[in-house]
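For reference, the structure is listed below as structure tokens.
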Amino acid sequence: MGLTAGIVGLPNVGKSTLFNAITQAGVEAANYPFATIDPNVGVVEVPDARLDRLTELVKPKKTVPTAFEFTDIAGIVKGASKGEGLGNKFLANIREVDAICQVVRCFEDENITHVAGRVSPIDDITTINLELILADLEQVDKRIARVQKMVKAKDKGAVQELEALEIVRDVLESERPARVAELSEDQLAIVKHFQLLTMKPMLYVANVSEDEVADADSNEFVQAVRDHAATEGSKVIVICARIEEEISELEPEERLEFLQDLGIEESGLDQLIRAAYSTLGLATYFTAGEKEVRAWTFKQGMKAPQCAGVIHSDFERGFIRAEVVSYEDLSAAGNMTTVKEQGKLRSEGKEYVFQDGDVVTFRFNV
């Protein structure tokens, strides 16, 4: 799908440690021969137990999970919106990603200096978010000045655009992100055209110490981040970046034992991958045959021909139909023969909207 989440954060919050874990846990490049990965991009598998179950049922020659990209964004300092530090590079990089994962320090450690001299997650969040808001406000103000001239020239479309931009400006001036602005569908379509930084979905990553990762609910810093995220409808994932880096260096079978010793059911990185995937409105369908069982990423709401095009443009161009069974029905039946006997295999046409977990065979003619 080509969608990616950018990792941002102030210095010494654990951003680099987390990204190291992501790159070390990365997928084998051989599975993605057409992907050119820059040094600051980490590609990870999307964890999905359904893929394991399908592999068990079909027994293919190989199994290929779907993947997701994280981009390591240049560091930020106060004044980035005015070009301070690497501000211009930071803002340019954020414009290229589809969602933002903001790493927030939620641990005390006298050996790791905090840039502000004290640990305060909300202050850190405010610093980064305010820079994004100021950059957006500058862009919106410039556009409003142009649109006002268009309104005077009796441009009909300009009136609606001006109304939408003024709503967003009011929100930004109150130091809130543009994504919380109350806009109609038409107004939202207008505003999305400008690719505002604070319109991008935000996922907060609360980085805690090794001692607190199994009982993060008792961490007052984590609760503060959760309270803030709730005001803007954002999600919070709790991790210990240092532990994630250690886990990423272990063999798969060793990872489970390591997590069990810590009293954790699954790694924070797996939770982060799934949360970022969901935040972007992504879902997964499967193809399952003797040669290969594979997971494919699609955008929720996509119809059958578009989903076929995820595999190859020829599939979309020559689409005839999709033979579909839900993962749940196939898993319960145990094999495709029983699925057919139970009447659970459906033939879907061009208007069918794919669902997460669909197992599909495409019929096409080119």
Rounded to the nearest 0.05, what FRET efficiency is calculated for GLU56 and GLU323 with R0 set to 22 Å and r the Cβ-Cβ distance? 0.55
accessible surface per residue for the chain, probe 1.4 Å, DNA/RNA/ligands not counted, whole Å² -> 51
CD proxy, 222 nm, the chain: helix-only mean residue ellipticity via -39,500 (n - 2.57) per DSSP H run with n ≥ 4, per residue, nearest 500, stands at -13000 deg cm²/dmol
Can you tell me the convex hull volume per residue for region 278-325, based on C-alpha atoms, in Å³ to the nearest whole number? 90
Taking the C-alpha atoms of region 225-290, how large are the radius of gyration and the largest Cα-Cα span, Dmax, in Å? 15.2, 49
In units of 2.2 N^0.38 Å, the Cα radius of gyration of region 127-198 is 1.06
For region 300-307, 3J(HN,Hα) per residue [Karplus equation, 6.51 cos²θ - 1.76 cosθ + 1.60, θ = phi - 60°, Hz, x = Gly/Pro]: 4, x, 6, 8, 3, x, 5, 5
Give me the mean projected area, in nm² to one decimal, of the convex hull enclosing the Cα positions of region 301-364. 4.1
Per-residue HN-Hα couplings for region 102-111 [Karplus 6.51, -1.76, 1.60; θ = phi - 60°; Hz; x = Gly/Pro]: 9, 7, 10, 6, 10, 9, 9, 7, 5, 8
Full-extension gain between MET150 and THR126, please, as 0.36 nm times their residue separation minus the C-alpha to C-alpha distance. 5.1 nm
Rounded to a whole number, the Stokes-Einstein D of region 239-366 in µm²/s (Kirkwood radius over Cα pairs; 10 °C; 1.306 mPa s) is 94
Would you mind checking LYS62/LYS235; LYS61/LYS340; LYS235/LYS344; LYS200/LYS340; LYS15/LYS61 for any pair whose Cα atoms are more than 31 angstrom apart? LYS62/LYS235; LYS235/LYS344; LYS200/LYS340; LYS15/LYS61
Return the carbon/sulfur percentage of the accessible area of region 301-364, one whole number, probe 1.4 Å, all protein chains in place. 46
Rg(Cα)/(2.2 N^0.38 Å) for the chain, N = residue count: 1.11
Please give me the summed charge of the neighbours of MET302: other residues whose Cβ is under 14 Å from its Cβ, Lys and Arg +1, Asp and Glu -1. -2
Give me the percent of accessible area attributable to carbon and sulfur for region 127-198, probe 1.4 angstrom. 49
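The values are calculated or read from the model by the stated rules, or taken from the named source; none is laboratory data. The structure presented is a predicted model; accordingly, all values stated were derived computationally and were not measured. When we count neighbours, we look across all protein chains shown, and the Cβ atoms used for this are built from the backbone with ideal geometry, even at glycine. Areas reflect the complete protein model, heavy atoms only, side chains present, ligands, DNA and RNA absent. Shrake-Rupley method; radii C 1.70, N 1.55, O 1.52, S 1.80 Å.
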